[in-house]
1. Mind listing whichever residues of segment 28-61 are within 22 Å of Lys89 (Cα to Cα) and in a strand (DSSP E or B)?
2. For segment 246-284, enumerate the residues that are part of a loop (DSSP other than H, G, I, E, B) and either small (Gly, Ala, Ser) or modelled with pLDDT under 95 (or both).
3. Any residue in segment 297-317 that is at negative phi and modelled with pLDDT under 95?
4. Could you list all residues from segment 152-179 that are touching an Asp or Glu at 6+ places or on another chain (Cβ under 8 Å), buried (at least 21 other Cβ atoms within 10 Å of the Cβ), of a type in the set (A, V, I, L, M, F, W, C) and not in a loop (DSSP other than H, G, I, E, B)?
5. Out of segment 219-240, which residues are farther than 15 Å from Leu263 by Cβ, buried (at least 21 other Cβ atoms within 10 Å of the Cβ) and of a type outside the set (A, V, I, L, M)?
6. Applying the selection to segment 84-129, what residues are acidic (Asp, Glu) and either under 18 Å from Ala49 (Cβ atoms) or outside any strand (DSSP E or B) (or both)?
7. Suppose we filter Ala27, Ala85 for residues that are in contact with a strand residue (DSSP E or B) (Cβ under 8 Å, 6 or more places away or on another chain), modelled with pLDDT under 95 and within 22 Å of Glu304 (Cβ to Cβ); which single one remains?
8. Can you tell me which residues in segment 221-240 are in contact (Cβ under 8 Å) with a residue 24 or more places away in the chain and in a loop (DSSP other than H, G, I, E, B)?
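The values are calculated or read from the model by the stated rules, or taken from the named source; none is laboratory data. Nothing here was measured: the structure is a model prediction, and the numbers come from that model. Cβ sites come from the backbone with ideal geometry, for glycine too, and all protein chains shown count toward neighbours.
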Amino acid sequence: MTRIASRITLAAAAAALVFPASSFAQAFKVEKFNIGGEGGTDYLTADPASGRVYVSRGSHWMIVDGATGNVLGDIPDTPGTHGVALAPKWNHGFTTNRTDSTSTMFDMKTGAVIKKIHPGINGLDGIMYDEQNDKIVLINHSTPDGTLVIVDPKDGDVVGRVTLTGRAPEGGVADGRGRIYVNLEDKSAIDVVDTKTWKVVETWPIAPCEAPTGIAMDRSTNRIFSGCSGTSVVVDSKTGKVVAQIANGRGVDALGWDQAQKLMYIPAGNDGNVTVVHEDSPDRYTVVETVPTVPRAKTISVDETHHIAYLFTPEYGPPPAGATPPTGGRGRGPLGPMIAAWFIKVQR
């Protein structure tokens with residue numbers, strides 16, 4: 001494996017802005033590592049306890065040391081994989097594998113596969129750990145309706161299912177008080193799930209957000225952050241009202257949150273940047289900087305312990321002659337040969 005590291009110190013993107021505190025006028029640093037390997041990508045997940053980052057590669061997962069960019073291991077046989085969720089209490093991780101409609105349960109210390117879970121549903125995509133209820137939640141573009149499948153993280157047993165109101169659920173986040181909020185990409189809305197009954201109890205439209213994907217939450221202020229291309233939104237988790245809008249790049253497919261620093265990271269794959277936003281108060285948000293990354297880097301995971309945001313994307317050469325490049329969405333379209341596989345760190 002060839003590893004190329006480059007460090008770029010970036011000047012503040014908007015020097016004329018007055019930030020809430022002088023510390024936010026610092027530059028963010030970007031480090032890039034070419035970690036090699038085969039396959040495309042979707043989500044990645046950072047584990048602050050071990051410093052490892054799990055990176056999806058289409059049919060397998062690479063385990064990467066976040067500090068050095070070194071590849072530590074591989075989780076095989078995850079066809080059409082999308083996301084990973086970690087349940088540290090049990091030392092178990094779980095993937096969503098869309099092609100064979102399974103979830104791979106693995107050992108977080110060794111990466112060894114423990115079992116393949118068959119949730120009995122298609123369209124597996126997003127995934128999350130609800131720590132309060134000690135449940136893994138699979139988020140599925142299933143047919144005819146989107147679903148959540150609930151898994152016991154101790155033994156990998158399927159223990160429940162929720163039918164959602166949209167066909168294309170994306171990210172989910174738990175409030176720690178008995179509710180899970182799920183972005184609905186096809187409806188530009190949020191479904192609210194009561195974890196006592198495991199039923200949808202409300203659906204909130206979140207215009208002007210269109211096609212929400214990534215989601216995070218500040219539990220201390222009861223604010224939900226929904227990542228959307230062009231304009232992301234902040235939603236009051238008690239009322240469902242949109243209380244703030246945030247301008248960001250195009251091609252957003254995730255959203256990261258650092259609770260201690262009150263920083264939101266919104267990656268834009270089409271524009272090749274991350275919009276970093278500070279929560280000044282529950283209803284007031286300031287763009288701290290727009291950080292250049294790499295085109296197609298559309299998902300993100302934040303290590304809240306070490307205050308590092310991670311992204312990953314393969315880099316491709318020119319597409320075949322006559323192919324039409326994408327004009328919108330999240331950067332999908334015809335691809336040329338892979339020429340690099342960039343593991344990216346963003347931090348102050």
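1. Leu44, Thr45, Ala46, Asp47, Arg52, Val53, Tyr54, Val55, Trp61
2. The first filter runs over segment 246-284 and keeps only residues part of a loop (DSSP other than H, G, I, E, B), leaving 248-255, 259-262, 269-272, 282-283.
Scanning segment 246-284 gives Gly249, Gly251, Ala254, Ala260, Gly269, Gly272.
3. Step one: of segment 297-317, the residues at negative phi are 297-306, 308-317.
Those left that are additionally modelled with pLDDT under 95: 316-317.
For segment 297-317, residues at negative phi and modelled with pLDDT under 95: present.
4. The one that is touching an Asp or Glu at 6+ places or on another chain (Cβ under 8 Å), buried (at least 21 other Cβ atoms within 10 Å of the Cβ), of a type in the set (A, V, I, L, M, F, W, C) and not in a loop (DSSP other than H, G, I, E, B): Ala174.
5. Our first condition is that a residue be farther than 15 Å from Leu263 by Cβ; within segment 219-240, this holds for 219, 222, 224, 226, 228-231, 233, 235-240.
Next cut, buried (at least 21 other Cβ atoms within 10 Å of the Cβ) only: 224, 226, 228-229, 233, 235, 237.
Those that are farther than 15 Å from Leu263 by Cβ, buried (at least 21 other Cβ atoms within 10 Å of the Cβ) and of a type outside the set (A, V, I, L, M): Ser226, Cys228, Ser229, Ser237.
6. Step one: filter segment 84-129 for residues acidic (Asp, Glu), giving 100, 107, 125.
Across segment 84-129, the qualifying residues are Asp100, Asp107.
7. Details: Ala85 fails: modelled with pLDDT under 95.
Among Ala27, Ala85, only Ala27 is in contact with a strand residue (DSSP E or B) (Cβ under 8 Å, 6 or more places away or on another chain), modelled with pLDDT under 95 and within 22 Å of Glu304 (Cβ to Cβ).
8. The answer is Thr221, Asn222, Gly227, Cys228, Ser229, Ser237, Gly240.
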